[in-house]
Amino acid sequence: MESIHALKSQDHSSGRLRKDKLVLGGVIVLSLVTISPIILIIWKLVAEGYRQISLDFLIKNTPDTFEAMTAVANGELIPGGIANGIVGTLLMVVLASALAIPIGVLTGIYLYENQGSFMANLTRNISDILQGVPSIVLGLISYLWVVKHITMGFSALAGSVSLSIMMLPMIVRSTEETLKMIPESLKEAALALGVPYHKVILRVLIPTGFSGLLTGILLGISRILGETAPLMLTALGSSTINLDMTKPTSAIPLLIWEFYNDPNMIGLIWSSSLLLMAMILILNLVSKQLAAKRR
Amino acid sequence: MTISTIAEVKNPILSLKDLSIAYDKNYAVKNVSVEIKKNTVTAIMGPSGCGKSTLLRALNRMHELYENITTEGEALLNGQNIYEMPAIKLRRHMGMVFQRPNPFPTMSIYDNVIAGYKLNGIRTKKQERDEIVERSLRDVALWEEVKDSLFKKGTFLSGGQQQRLCIARALAFSPEVILMDEPTSALDPIATSKIEDLLVKLKEHYTIVLVTHNMSQAARISDYSLFMYLGELVEYGKTKNMFTNPIDPRTEEYLTGKFG
Ligand SMILES: Nc1ncnc2c1ncn2[C@@H]1O[C@H](COP(=O)(O)OP(=O)(O)O)[C@@H](O)[C@H]1O
Ligand SMILES: [Mg+2]
């Protein structure tokens, strides 16, 4: 009797062991499936793109198609670089941030301060809907508002406006969530010192949640860095560096699209994508680091 | 009135007259009249939910942060109705210390002590600031422990040290009254006894109102005690008398541990 009992329980535990192993195997397979695209992408970008990366790539404008054709025919690297795109991207991202950050942070503070009020709920819902609007539609809107009526033509300003609308809801949300995570006791500590409410927000809550706000902002920036569709309808592109906000301007993702459409420029697609991807990865890593430090 | 005894207090710094406070029409404090003597420690006791915190927060108007609050009756600080002065000004006369130490995590020890000035944008000379910081930290017996690390974050200190830092922050304004809501309930016995010793010293210069649900703490350090039950002030008197000879049967039940 005893031995049968022992046998049975052994059987039972080996069955469970097998189940555990199955689950573990499944988890490993699934996580490989999840991470393999990103590994394949990075591997492909580096393998195909590294050759074109050089100082020239960062400081020279895009070559014309004839220069590129000659170089390719001679088996040389394509001359020139994507400085016009790098500068355009930075210009538009900086302006988009300058528009979206103050408005987004103030709106986030408003939502935090007015939990449950009708206007706050409405604002929050509208912001959530905005987050779901396809970026090409934001490009269209900006085309109608800015290209048609303000700059009277394609412009960096129009590009920035479409990007800033895209960034706005992310900043609103992350500001509100960050403020909500700050313990009530800190607010009370400041109020009990006779600090007026607006100063409590500016001098206690914002500094305390600063890394959280920054995380949201960096994620927002990394989101708009690679946006292409809205820029096609607004910034259009430019083959030289342009610093005039009212003129057509290039951007890295716009260049990638242009290279794709020009058989002679194919060689620049990968290096441009590699640079863009690296910028986005770095922003993501920095914001992850900040978020981790907060805990 | 249900108050069995009202201590005769000469020279009251705070007098409450029929003070009632309701959240959404639910009265948490009912018709409390009390006079609090200068340079004493007054303990507010009673079972959980009886309105201790609400009463304490009504004294620096922190209770107004909640929505739908109504306040009836009067509270006078040195004869002036506190509900008729600006809350911000009042709070600088009434320091507050909370249940859990809450130093500002982004600030150094030094900045935490001087936070009342900094956050309010009150300009002071560096020398004056240094003096305020040293005096306040000495007052809470923290100076010797932190004088070499004044510019480190306050959150690196132990729980007891953090709470003393928070007391120092309240003292920096030289308030008249310090309101404390169970300031030692999150601390270990050694840290607790340090703070208790401190309160006894601090009453030389300040008036302390202390919410506690620790009866032996009230017995050890308070001069006067209030016993509250269901929002009412049941008994108020010299702590010694209340503990040896409570007048109201509910006080006696509470003190002998029959409820609470
Ligand atoms: N913010 C609030 N909103 C509504 N009711 C509250 C609030 N704070 C406290 N109360 C109620 O008021 C009563 C007294 O609470 P409180 O003053 O915190 O008691 P104590 O500090 O003695 O435990 C309790 O019944 C509690 O539920
Ligand atoms: Mg309480």
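Worth a mention:
- Those residues of the range B:39-48 which are over 11 Å from the mean Cα position of the chain (by Cα) and more than 8 Å from ligand 1 (Cβ to nearest atom), in sequence order: B:39, B:40, B:45
- Residues being away from chain A (no Cβ under 11 Å), under 10 Å from residue B:97 (Cβ atoms) and away from ligand 1 (no atom under 16 Å from the Cβ) - total across the range B:169-187: 1
- Pairs where the first residue, in the range A:131-149, is closer than 25 Å to residue A:216 by Cβ and the second is not in a helix (DSSP H, G or I), C-beta under 7 Å, 6+ apart: A:135/A:227; A:139/A:233; A:139/A:234; A:142/A:234
- Given (1) over 30 Å from residue B:153 (Cβ atoms); (2) within 16 Å of ligand 1 (Cβ to nearest atom); (3) among the hydrophobic types (A, V, I, L, M, F, W, C); (4) under 20 Å from the mean Cα position of the chain (by Cα), index of the condition residue B:14 fails: (2)
- Selection count, the range A:198-253, where residues are assigned to a helix (DSSP H, G or I), within 14 Å of another protein chain (Cβ to nearest Cβ) and over 15 Å from the mean Cα position of the chain (by Cα): 14
- Residues in the range B:10-67 that are within 15 Å of ligand 2 (Cβ to nearest atom) and among the hydroxyl-bearing types (Ser, Thr, Tyr) were compared, and the one that is modelled with the lowest pLDDT is B:66.
- Of all the numbered requirements in (1) surrounded by fewer than 23 Cβ atoms within 10 Å (Cβ to Cβ); (2) over 30 Å from residue A:251 (Cβ atoms), residue A:148 misses one, and that requirement is (2).
- One residue stands out in the range B:202-226 among those that are without any contact (Cβ under 8 Å) to a residue 60 or more places away in the chain and out of contact with any Phe, Trp or Tyr (no Cβ under 9 Å at 6 or more places or on another chain): the one that is nearest to ligand 2 (Cβ to nearest atom), namely B:214.
- Qualifying residue in the range B:174-194 (condition: surrounded by fewer than 17 Cβ atoms within 10 Å (Cβ to Cβ), on the phi < 0 side of the Ramachandran plot and among the acidic types (Asp, Glu)): yes
- Test: residue in the range B:49-58 that is buried (at least 21 other Cβ atoms within 10 Å of the Cβ), more than 8 Å from ligand 1 (Cβ to nearest atom) and closer than 19 Å to residue B:218 by Cβ: no
- Some residue of the range B:45-61 being within 17 Å of residue B:238 (Cα to Cα) and in contact (Cβ under 8 Å) with a residue 12 or more places away in the chain: yes
The values are calculated or read from the model by the stated rules, or taken from the named source; none is laboratory data. Computed from a predicted structure; not experimentally measured. Positions of Cβ are generated from backbone atoms using ideal geometry, with glycine treated the same way; all protein chains shown enter the neighbour counts.
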